[in-house]
Every structure is written in structure tokens, then in C-alpha cells.
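Inspection log for the structure reproduced underneath, given as C-alpha cells.
The values are calculated or read from the model by the stated rules, or taken from the named source; none is laboratory data. As the structure is a computational prediction, the values presented were derived from the model and not from experiment. So basically every Cβ, Gly included, is an ideal-geometry build from the backbone, and we count neighbours across all protein chains shown. Protein only, heavy atoms only, side chains kept; ligands, DNA and RNA dropped before computing areas. Shrake-Rupley method; radii C 1.70, N 1.55, O 1.52, S 1.80 Å.
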Amino acid sequence: MKQVPILAAAVLLASAAVLPVQKGLTQMNIKQNTATQVSESHPYVGMWVTADGHIRHNLLPNGRYDEARGNRESAYQGRYEIRGNHIDYWDDTGFTADGEFIDGVLHHAGMILYRKK
């Protein structure tokens, strides 16, 4: 008989723990939906590289990116969204990052990447 109240309490606690997560996911989706749609003519689409050429971000017009590191092509891949001068990255492995475009330069995770012409 004591197991029923304990089970009910466990279900209530589990439900309460899920509610804030659901609210957060809803808010995240709303924010994601306000992202600028990128196209081939978007000024940030294309290749961005560090001064030494070691890190290369290819921002594709379909909202995906492909990052190369040194000799390792496609080291990281995922999607990205741009809001104004801000970029958010979601790597296919679950890693997230962001950056800012300032005066034609991408500042991302402590790195500075320049538009490759």
C-alpha cells in the first residue's frame, strides 16, 4: 500500500521536472524561427578562415556549415542560423557555439575568421 503514494509522488516530481524544459524548448523554437533565412546572396554565406588558414568555416546557403581544421576536411558539420550579426551553430554531434560578425570579421569561440574572397 505504501508503494502507491511513493509512485504517485515520483510521477508528480517527474512531470514537474519536464515542464520547465518544455517551456524552454518552446521559447528556443520561437527564437529559432526568427532567424534570417540565408541564401547564396547573403553577405555571410561562403568561406571564412583564420589568418593562418588552419580553421575554415564554409557557411552554405542551405543553413548548413562544414568546418575544416588543418588537413582534416569536414572535421565538424552542422547547421547555423543568423540573426542580424549574430550566428549560432549546432554541430551534428550536439555541440553548440556562437559568434558575431563585426566589421566584416567573424569572431567565434576565441577565433577570428576572415571572409575568403
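Tally time: how many residues in the stretch 89-117 are in contact (Cβ under 8 Å) with a residue 12 or more places away in the chain and under 8 Å from the mean Cα position of the chain (by Cα)?
The total comes to 6.
Would you be able to tell me the number of residues in the stretch 35-49 that are in contact with a strand residue (DSSP E or B) (Cβ under 8 Å, 6 or more places away or on another chain), open to solvent by 20 Å² or more (accessible area, probe 1.4 Å) and either within 15 Å of H108 (Cα to Cα) or part of a loop (DSSP other than H, G, I, E, B) (or both)?
5
Kindly list, by first and then second residue, each pair from a residue in the stretch 53-67 that is assigned to a loop (DSSP other than H, G, I, E, B) to a residue that is of a type in the set (S, T, N, Q), limited to pairs with Cβ atoms under 6 Å and residues at least 6 apart or on different chains.
From the stretch 53-67, the pairs are P61/S39.
Quick check on the stretch 9-28. Is at least one of its residues modelled with pLDDT under 50 and either assigned to a strand (DSSP E or B) or closer than 30 Å to K116 by Cβ (or both)?
The answer is no; no qualifying residue exists.
Inspect the stretch 45-52 for any residue being touching a residue at least 40 places away in the same chain (Cβ under 8 Å) and touching a Ser or Thr at 6+ places or on another chain (Cβ under 9 Å) and give the result as yes or no.
no
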